[in-house]
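> Sharing a structure with you now.
Where a number appears in this text, it was derived from the coordinates with a stated rule and is not lab data. Note that this is a predicted model, so its numbers are computed, not measured. Here the Cβ positions follow ideal geometry from the backbone for every residue, glycine too, while neighbour counts run over all protein chains shown.
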Amino acid sequence: MSTHAASAPTAIAAAPAPAGSNASKALGIGIASIFATVLGLALPGNASAVAVGWLVAIVFWTAIAIGMLMLIMIHHLSDAGWSVVVRRQFEHGISAFKWLLLLFVPLLLATWLGKGDAVWPWGNLNHVLHGTETVGEDAAYWHKSPVLNILSFSALSVFLYGFLILVSARLRKASFTQDVDGDVKWSHQSHATSASCIALTALALTGIAFFWIMSLEYHWGSTIYGMWFFSDCIRGALSVGLLVQLWLFARGDFKGILSSRHLHCIGIFIHAFTAFWAYVAVCQYILIWSSNLTEETFWYNIRELNHDGSTNQWWWVGIALILLNFLVPFLLLLSYKTKITIYKIAPVAFAILATTLLDLTYNILPVLKNAYGDAQPFLSLNLLWILTSVIGVGGVCVWSYFKSFASTKLIPIRDPRIAECLANHE
């Protein structure tokens with residue numbers, strides 16, 4: 001097989017090959033990994049580590065699903081021709097939102113039953129901060145308590161998921177129904193849905209970034225934190241989407257459909273959002289460094305130094321993110337051939353997906369601290385619970401994808417721009 005995507009357009013309208021066995025395998029792996037994660041609760045004093053690892057996994061897969069939803073809406077609003085067949089795989093991916101809500105429930109239960117100590121420190125007013133005062137004695141908490149309380153947090157989290165589920169269901173229904181009747185009204189409906197909901201979706205992902213991640217260290221704040229999370233959402237979605245396209249091409253479904261032009265366009269998007277991630281991350285760091293306010297710099301200090309001034313492991317993670325999450329993929333994707341050559345672009349997509357997970361881990365895991373107030377080391381048993389959680393939640397998401405994959409056509413066969421998309425070759 002050529003190392004480049006096929007270039008001859010073929011109007012393939014057949015239904016996709018059966019995906020039942022793949023769905024069962026994915027669900028089996030997911031359940032086994034979830035069970036392995038639950039076993040971690042049996043270790044003394046390990047509940048918080050397991051819960052935070054589960055949060056990393058939920059945020060990671062939710063970010064990917066949100067990125068897919070945003071890309072679908074961007075497609076409809078721009079009325080793009082090249083991305084019609086790419087959109088269909090994103091439509092399958094966003095079917096996972098309802099299952100992600102279900103998998104998020106254990107974190108809410110842990111917060112209610114464990115008085116908040118399991119994940120978010122503000123959930124327990126008796127939680128000791130910095131070895132001295134409690135959350136209940138902290139003036140900074142009471143200023144934020146109208147939203148940082150268990151009831152408001154739970155209601156907001158369910159509401160955000162509910163919104164994402166409803167928008168996704170509406171877009172999926174319009175697209176899948178159009179495969180049957182070919183009515184152009186479904187394209188108009190999808191455009192209207194995207195126009196009315198894309199800003200609200202941006203607010204939803206910002207809320208997730210603020211309330212699920214930034215509130216882990218509620219003394220700290222960043223006004224561009226939602227933009228950082230948005231960049232991870234899009235890069236994760238693009239990487240997963242690209243890998244799915246290549247998988248379909250490798251097994252024969254997308255031969256004659258996926259072209260080098262499609263790969264080039266996806267590569268351009270990944271390249272652009274790699275630069276965008278770096279821009280946001282650097283702006284946030286420089287602004288906090290230049291102002292040099294204790295209530296802001298501490299967030300980076302615990303990711304660089306221990307209480308005695310020695311460099312901790314998280315400093316090296318930060319350096320790795322600069323190199324592997326920005327510099328290396330940015331330079332590689334400058335090349336046109338890298339974007340259109342399968343054996344070159346696939347490793348880049350895998351690497352970006354891995355470093356997106358590392359970036360989320362960097363932002364979440366240091367909430368676990370030792371007796372001195374230092375972040376627990378990066379290389380620790382905590383990584384095991386992140387791994388089992390990511391595989392567990394991912395198994396459920398992949399199962400949801402395959403269930404949706406088998407329910408409709410391989411590509412949007414009656415989309416008004418499908419012919420243009422299939423002819424989108426260089």
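> Mind sorting Asp183, Asp232, Asp415 by how few other Cβ atoms lie within 10 Å of their own Cβ, fewest first? Mind showing how you got there, number by number?
Details: Asp183 13, Asp232 28, Asp415 23.
So the ranking, lowest neighbour count to highest, is Asp183, Asp415, Asp232.
> For a quick check: sort Trp299, Trp247, Trp61 by the number of other beta carbons within 10 angstrom, fewest at the front. The partial results should precede the final answer.
Details: Trp299 19, Trp247 13, Trp61 26.
Ascending number of Cβ neighbours within 10 Å: Trp247, Trp299, Trp61.
> Let me ask something else about it. Taking the Cα of Ala155, stepping 7 Å toward and past its beta carbon, and measuring to each backbone N in the stretch 206-220: which are under 18 Å?
207-208, 211-212
> Kindly flag which residue pairs out of Lys98/Lys403; Lys144/Lys369; Lys173/Lys403; Lys173/Lys409; Lys25/Lys173 have an alpha-carbon separation exceeding 19 Å in this structure. If you can, show how the numbers build up before the last one.
On the way: Lys98/Lys403 13 Å; Lys144/Lys369 23 Å; Lys173/Lys403 15 Å; Lys173/Lys409 13 Å; Lys25/Lys173 27 Å.
As for pairs spanning more than 19 Å Cα to Cα, those are Lys144/Lys369; Lys25/Lys173.
> Treating only the Cβ atoms of Lys and Arg (+1) and Asp and Glu (-1) as charged, compute the dipole magnitude of the chain about its Cα centre; round to the nearest 20 debye. Walk me through the intermediate numbers first.
Values: 23 positive and 21 negative charges, 310 e Å.
Computed about the Cα centre, the dipole is about 1500 debye.
> Considering all projection directions equally, how large on average is the shadow of the alpha-carbon convex hull of the chain, in square nanometres? Intermediate values should be presented prior to the final figure.
On the way: hull surface 81.1 nm².
If you wrap the Cα atoms of the chain in a convex hull and average its projections, you get 20.3 nm².
> What ranking of Leu353, Leu27 emerges when the number of other C-beta atoms within 10 Å of each C-beta is taken as an exposure proxy, fewest first? Could you put the intermediate results ahead of the total?
Details: Leu353 20, Leu27 17.
So the ranking, lowest neighbour count to highest, is Leu27, Leu353.
> For the chain, what relative contact order do you get, as a whole percent, if you take Cα pairs closer than 8 Å and at least 6 residues apart? Intermediate values should be presented prior to the final figure.
Numbers: 604 pairs, mean separation 161.6, N = 426.
RCO, the chain: 38 percent.
> Net charge near Trp220, counting Lys/Arg +1 and Asp/Glu -1 over other residues with Cβ under 9 Å of its Cβ?
Charge balance in the 9 Å sphere: -3.
> Here is a follow-up. Compute the length gained on full extension between Glu295 and Trp247: take 0.36 nm times their separation in residues and subtract their Cα-Cα distance, giving the result in nm to one decimal.
12.6 nm
> With θ taken as phi - 60° and the coefficients 6.51, -1.76 and 1.60, list the Karplus ³J(HN,Hα) couplings across the stretch 291-308 in order, rounded to whole Hz; mark glycine and proline as x.
6, 6, 9, 4, 5, 10, 5, 4, 4, 7, 4, 6, 9, 9, 10, 8, 5, 8
> How large is the translational diffusion coefficient of the stretch 160-271 in µm² per second when you combine the Kirkwood radius over alpha carbon pairs with Stokes-Einstein at 37 °C and 0.692 mPa s? Can you show the working numbers first?
Values: Rh = 16.7 Å.
Rounded, D is 196 µm²/s.
> Right, next: Count neighbours as other Cβ atoms within 10 Å of each site's Cβ, and list the chymotrypsin sites (Phe, Trp or Tyr not before Pro) in the stretch 333-426 that are DSSP loop with at most 10 such neighbours. Intermediate values should be presented prior to the final figure.
Details: sites: Tyr336, Tyr343, Phe350, Tyr362, Tyr372, Phe378, Trp385, Trp399, Tyr401, Phe402, Phe405; in loops: Tyr372, Phe378.
The qualifying sites are Tyr372.
> Towards the positive end of the charge dipole of the stretch 76-154, with charges on Cβ (+1 Lys, Arg; -1 Asp, Glu), say which of Trp120, His130, Val105 has the farthest Cα.
Val105
> Another question, then. Among the lysines, which have Cα under 25 Å from the Cα of Lys337 when same-chain residues fewer than 8 positions away are ignored?
List returned: Lys255.
> Next question. Would you please put 100-112, 255-267 in order of how densely packed they are, using the mean number of other Cβ atoms within 10 angstrom per residue and starting with the highest? Present the calculation step by step, with values, prior to reporting the outcome.
Values: 100-112: 17.8, 255-267: 21.1.
Answer by packing, highest mean first, reads 255-267, 100-112.
> While we're looking at this one, here's another question. So if each residue of separation counts as 0.36 nm, and I subtract the Cα-Cα distance between Trp142 and Arg170, what length gain in nm does that give? Before the final figure, lay out each step's value.
Details: separation 28, 0.36 × 28 = 10.08 nm, distance 3.92 nm.
6.2 nm is the gain from fully extending Trp142 to Arg170.
> For the stretch 46-82 and the stretch 105-148, what is the centre-to-centre distance using only Cα atoms, to the nearest Å?
Distance between centres, Cα-based: 26 Å.
> For Ile31 and Glu217, calculate 0.36 nm times their separation in residues minus their Cα-Cα distance, and state this gained length in nm to one decimal.
Numbers: separation 186, 0.36 × 186 = 66.96 nm, distance 3.12 nm.
Length difference between fully extended and current span is 63.8 nm.
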